[in-house]
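Colleague: First the structure, then my questions, so here it is.
The values are calculated or read from the model by the stated rules, or taken from the named source; none is laboratory data. No experiment lies behind these values; they were computed from the predicted model shown. Please note: Cβ atoms are built from the backbone with ideal geometry, for glycine as well, and neighbour counts cover all protein chains shown.
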Amino acid sequence: MSIQKEELIKNLKRTGWKKKIQGLREFLRIVRENKHSLFGMILLIIISAMAIFAPYIAPYDPYKRTGKPLEPPSWEHPLGTNDAGQDILSELIYGARISLAIGIVSAISAVMIGVVVGMVAGYKGGKVDELLMRIVDLFMVMPSLLLVIFLAMVFRGTWLGTQMFLVLIVAIAITSWPTVARVVRSMVLSLKERPFVESVRALGASDLYVMVKYLLPNTAPIILAETLLRTAANMILEASLSFLGIGDATKKSWGMMLHFAFERQAMVLGLWAWVIPPGLMISLSVLSLLLVGQALEIYVNPRLRRK
């Protein structure tokens, strides 16, 4: 009997892996057939590669003076130099690291909070659901940018204050989880009424087991899509904060590049190569994430797939 059980478990695992591989193939097929999503995927890969291999791609160390201050574009410095004599192209390449890192880490943190809150609220229902949704509503009615600024100023006075990079991640994550919680809750409300979930509950499975083993895997595609959307939104939020001077001035990010460019009156001086490239990179990064998210939405929604 134990041998039969072991064989059954092995077969279930094989079936699970087969479904995952089939799902990945289906998603890649959707990306290939959808020109916009394919463009977004290629763009995202290029930007990610730029961030990962920045030390090998950048012509100079972005933190070192490599020329005269405010040099115009030249062969030696294709985008010119900033007021400190640092190469702007190198700043732009290295800026991908911080901008993407803050966007991704804060998005994953927010999604983790949102998934837990949304799943518990949707599965438990009743007073638990009502209480959690009121907390979500409270966060959603607050202006996110103002709330992040307030939290960033509060965290500056704590042990996190020495690492502004972490302050931004924590502040952005705290303000961006409510939308994820609402999406996950709505899916769980639908899933928990399905026969396979009711069968498991009837067999005496614990709530935690049902949520982790059955509800979480079935919400995974929409969670991944939300992670991409949150990453895009959080990158814009980080750029906004950095532009306002709340970012980490010791780190190179696209938002901080814009902050210093406007502070040093780059537009008045006609140094457009200091202003346009970081703004363009933020726009392209957000666009790539949204286009890949569109492919995930098509994968999750069969009706869109048929169209």
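Colleague: Exactly one of (1) surrounded by fewer than 18 Cβ atoms within 10 Å (Cβ to Cβ); (2) modelled with pLDDT of 90 or more is unmet by Arg306. Its number?
Modeller: So the condition that Arg306 fails would be (2).
Colleague: If you check Leu208, Leu189, which single one turns out to be surrounded by fewer than 16 Cβ atoms within 10 Å (Cβ to Cβ), free of Cβ contacts under 8 Å to residues at least 60 places away in the same chain and in a helix (DSSP H, G or I)?
Modeller: Going through Leu208, Leu189 in turn, just one is surrounded by fewer than 16 Cβ atoms within 10 Å (Cβ to Cβ), free of Cβ contacts under 8 Å to residues at least 60 places away in the same chain and in a helix (DSSP H, G or I): Leu208.
Colleague: Turning to a different aspect of this structure: Go through the stretch 229-241 and give me each residue that's touching a Leu at 6+ places or on another chain (Cβ under 8 Å) and either outside any helix (DSSP H, G or I) or closer than 18 Å to Pro143 by Cβ (or both).
Modeller: The answer is Leu237, Glu238, Ala239, Ser240, Leu241.
Colleague: Now for a separate question. Test Val268 against the stated conditions and say whether it is at pLDDT below 90 and more than 30 Å from Ser37 (Cβ to Cβ).
Modeller: It is true that Val268 is at pLDDT below 90 and more than 30 Å from Ser37 (Cβ to Cβ).
Colleague: If you check Met235 against the conditions, is it touching a residue at least 24 places away in the same chain (Cβ under 8 Å), closer than 28 Å to Tyr299 by Cα and either of a type in the set (A, V, I, L, M) or touching a Cys at 6+ places or on another chain (Cβ under 6 Å) (or both)?
Modeller: Against the criterion (touching a residue at least 24 places away in the same chain (Cβ under 8 Å), closer than 28 Å to Tyr299 by Cα and either of a type in the set (A, V, I, L, M) or touching a Cys at 6+ places or on another chain (Cβ under 6 Å) (or both)), Met235 qualifies.
The rows are residues; the columns are (1) farther than 20 Å from Ser99 by Cβ; (2) out of contact with any His (no Cβ under 6 Å at 6 or more places or on another chain); (3) aromatic (Phe, Trp, Tyr); (4) surrounded by 13 or more Cβ atoms within 10 Å (Cβ to Cβ).
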{"residue": "Ser199", "(1), (2), (3), (4)": "yes, yes, no, no"}
{"residue": "Leu203", "(1), (2), (3), (4)": "yes, yes, no, no"}
{"residue": "Asn218", "(1), (2), (3), (4)": "yes, yes, no, yes"}
{"residue": "Thr227", "(1), (2), (3), (4)": "no, yes, no, yes"}
{"residue": "Glu238", "(1), (2), (3), (4)": "no, yes, no, yes"}
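Colleague: I've got another one for you. If only one of Pro55, Pro78, Pro69 is part of a loop (DSSP other than H, G, I, E, B) and either within 25 Å of Thr227 (Cβ to Cβ) or out of contact with any strand residue (DSSP E or B) (no Cβ under 7 Å at 6 or more places or on another chain) (or both), which one is it?
Modeller: So the residue among Pro55, Pro78, Pro69 that is part of a loop (DSSP other than H, G, I, E, B) and either within 25 Å of Thr227 (Cβ to Cβ) or out of contact with any strand residue (DSSP E or B) (no Cβ under 7 Å at 6 or more places or on another chain) (or both) is Pro78.
Colleague: Follow-up question, since we're still on this one. When you go through Phe150, Phe155 one by one, which is the residue that is surrounded by fewer than 19 Cβ atoms within 10 Å (Cβ to Cβ), over 15 Å from Asn234 (Cα atoms) and of a type in the set (Phe, Trp, Tyr)?
Modeller: Numbers: Phe155 fails: surrounded by fewer than 19 Cβ atoms within 10 Å (Cβ to Cβ).
Among Phe150, Phe155, only Phe150 is surrounded by fewer than 19 Cβ atoms within 10 Å (Cβ to Cβ), over 15 Å from Asn234 (Cα atoms) and of a type in the set (Phe, Trp, Tyr).
Colleague: Name the residue, out of Leu280, Leu284, that is surrounded by fewer than 20 Cβ atoms within 10 Å (Cβ to Cβ), in contact with a Leu (Cβ under 9 Å, 6 or more places away or on another chain) and assigned to a helix (DSSP H, G or I).
Modeller: On inspection, the qualifying residue turns out to be Leu284.
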